[in-house]
Amino acid sequence: MIIFPNAKINIGLRIIEKRTDGYHNLETVFYPVGWCDALETVVKKGKTSLGLSGIPVPGRRGGDNLCIKLYEVLKKKHHLPPLAIWLQKAIPVGAGLGGGSSDAAHFMKLLNTMFMLNLTVAEMKEYVSQLGSDCAFFIENKPALATGRGEVTEPIDLDLGGLHIAIIYPGIVISTAEAYRLITPCAEGESLKKLLPSTDLREWKNCVANDFETPVIKLYPAIGAIKQKLYDMGAVYASMTGSGSAVYGIFDKEPATEQAFKAFKTWKGKLSFTA
């Protein structure tokens, strides 16, 4: 079987407080986009194997890969046979696009179908939440408000269908741990749950912020320059996604980003993605 795990963007990201377990409570909106990896799985003899192609994935071969970690957990409980897994990476790593989390969540759904495990959505979310905070979002793969560490999701009435998006990856790998060290949590401010559905998209640039942006751009000014260039090209809203370093712009019409950002890896499409 073959599936195509997609990326996500963050629309707004508030870091509210540091928790006693060392993680942070946050509030953000995850929105699926059509930039995809490809993941293929077949039953084989011998030992389970993982093949990687496409863009390099540092430190993600073998047992360190989230798909392999998920397989090992499920194998014990559901007696899965050995598998040959092949992952073609297209979504940049360390970009804030959730590519690795999406691979794991989509692999969960693939295994559930392939071996007729009959797991519920809630059960699949529970499995993948052990692997990463935003993995659970990709099980349903619909616009969602995320709270807690990012693992608690609920639907949000936010439809950007018909608009265009361009995503620019400047080739800067930012670890989530590094980004959090730059942040001073703050619980003040209006909740995105209320703000986003009730505010015109063209006003988002004045009130919908990603708390990681200011400190990350201070370290990497190129990220701020990309954001400003997207606005100069006519974006109605632009933001860094997650802890970076990818930056996206939302447009009324298709932007000519290939030439404008030819030094970087880019992707563009319509915001009408459906899982």
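Given the condition crowded, with 22+ Cβ neighbours inside 10 Å, of a type in the set (A, V, I, L, M, F, W, C), assigned by TED's automatic domain parsing to the domain that holds residue 92 and out of contact with any Lys or Arg (no Cβ under 7 Å at 6 or more places or on another chain), answer yes or no: does some residue in segment 170-180 qualify? No, segment 170-180 has no match at all. Taken over segment 163-179, residues that are more than 16 Å from residue 246 (Cβ to Cβ) and at pLDDT below 90 amount to 1. For segment 201-211, the criterion of being surrounded by 17 or more Cβ atoms within 10 Å (Cβ to Cβ) and at pLDDT below 95 is met by no residue.
For (1) assigned to a strand (DSSP E or B); (2) crowded, with 16+ Cβ neighbours inside 10 Å; (3) within 22 Å of the chain's Cα centre (by Cα); (4) modelled with pLDDT of 95 or more, each residue gets a yes or a no:
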| residue | (1), (2), (3), (4) |
| --- | --- |
| 13 | yes, yes, yes, yes |
| 22 | no, no, yes, no |
| 31 | yes, yes, yes, yes |
| 42 | yes, no, no, yes |
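If we keep just the residues of segment 131-149 that are in a loop (DSSP other than H, G, I, E, B) and either out of contact with any helix residue (DSSP H, G or I) (no Cβ under 7 Å at 6 or more places or on another chain) or of a type in the set (Lys, Arg) (or both), which is nearest to residue 65 (Cα to Cα)?
Let us first name the residues in segment 131-149 that are in a loop (DSSP other than H, G, I, E, B), namely 131-136, 141-143, 148-149.
The next check asks that each one be either out of contact with any helix residue (DSSP H, G or I) (no Cβ under 7 Å at 6 or more places or on another chain) or of a type in the set (Lys, Arg) (or both); those that pass are 133, 141-143, 148-149.
On the way: 133: 15, 141: 21, 142: 24, 143: 26, 148: 24, 149: 21 Å.
Checking each candidate, the answer is 133.
Have a look at 120, 153, 147 and point out the one that is more than 17 Å from the chain's Cα centre (by Cα) and of a type in the set (S, T, N, Q).
Values: 153 fails: more than 17 Å from the chain's Cα centre (by Cα); 147 fails: more than 17 Å from the chain's Cα centre (by Cα).
The match here is 120.
Hey, among 176, 113, 153, 120, which residue is under 20 Å from residue 101 (Cβ atoms) and in contact with a strand residue (DSSP E or B) (Cβ under 8 Å, 6 or more places away or on another chain)?
153
Consider segment 108-123. How many of its residues are in a helix (DSSP H, G or I) and of a type in the set (Ser, Thr, Tyr)?
If we filter segment 108-123 for residues that are in a helix (DSSP H, G or I), which is where we start, we get 108-114, 121-123.
Filter again for of a type in the set (Ser, Thr, Tyr), leaving 113.
Adding up the residues that qualify gives 1.
Just to be sure, is residue 220 out of contact with any Leu (no Cβ under 8 Å at 6 or more places or on another chain), farther than 23 Å from residue 134 by Cβ, surrounded by 13 or more Cβ atoms within 10 Å (Cβ to Cβ) and hydroxyl-bearing (Ser, Thr, Tyr)? So residue 220 does not fit the description; no.
In segment 170-186, the qualifying residues are those that are assigned to a helix (DSSP H, G or I) and touching a Ser or Thr at 6+ places or on another chain (Cβ under 6 Å), and the one that is nearest to residue 218 (Cα to Cα) is 179.
The residue list 65, 118 contains one member that is surrounded by 15 or more Cβ atoms within 10 Å (Cβ to Cβ), farther than 12 Å from residue 5 by Cβ and free of Cβ contacts under 8 Å to residues at least 40 places away in the same chain, which is 65.
With respect to residue 201, determine if the residue is free of Cβ contacts under 8 Å to residues at least 60 places away in the same chain and aliphatic (A, V, I, L, M). Full working, then the answer.
Working: free of Cβ contacts under 8 Å to residues at least 60 places away in the same chain: yes; aliphatic (A, V, I, L, M): yes.
Yes: the conditions hold for residue 201.
In the set 270, 193, only one residue is in contact with a Leu (Cβ under 8 Å, 6 or more places away or on another chain), more than 27 Å from residue 93 (Cβ to Cβ) and among the basic types (Lys, Arg); that residue is 193.
I'd like to know if segment 139-146 contains one or more residues that are surrounded by fewer than 19 Cβ atoms within 10 Å (Cβ to Cβ) and either farther than 16 Å from residue 37 by Cβ or at pLDDT 95 or above (or both). Looking through segment 139-146, at least one residue is surrounded by fewer than 19 Cβ atoms within 10 Å (Cβ to Cβ) and either farther than 16 Å from residue 37 by Cβ or at pLDDT 95 or above (or both).
The values are calculated or read from the model by the stated rules, or taken from the named source; none is laboratory data. Bear in mind the structure is a predicted one, so any value in this text is a computation, not a measurement. Glycine also receives a Cβ, built like all others from the backbone with ideal geometry; neighbour counts cover every protein chain displayed.
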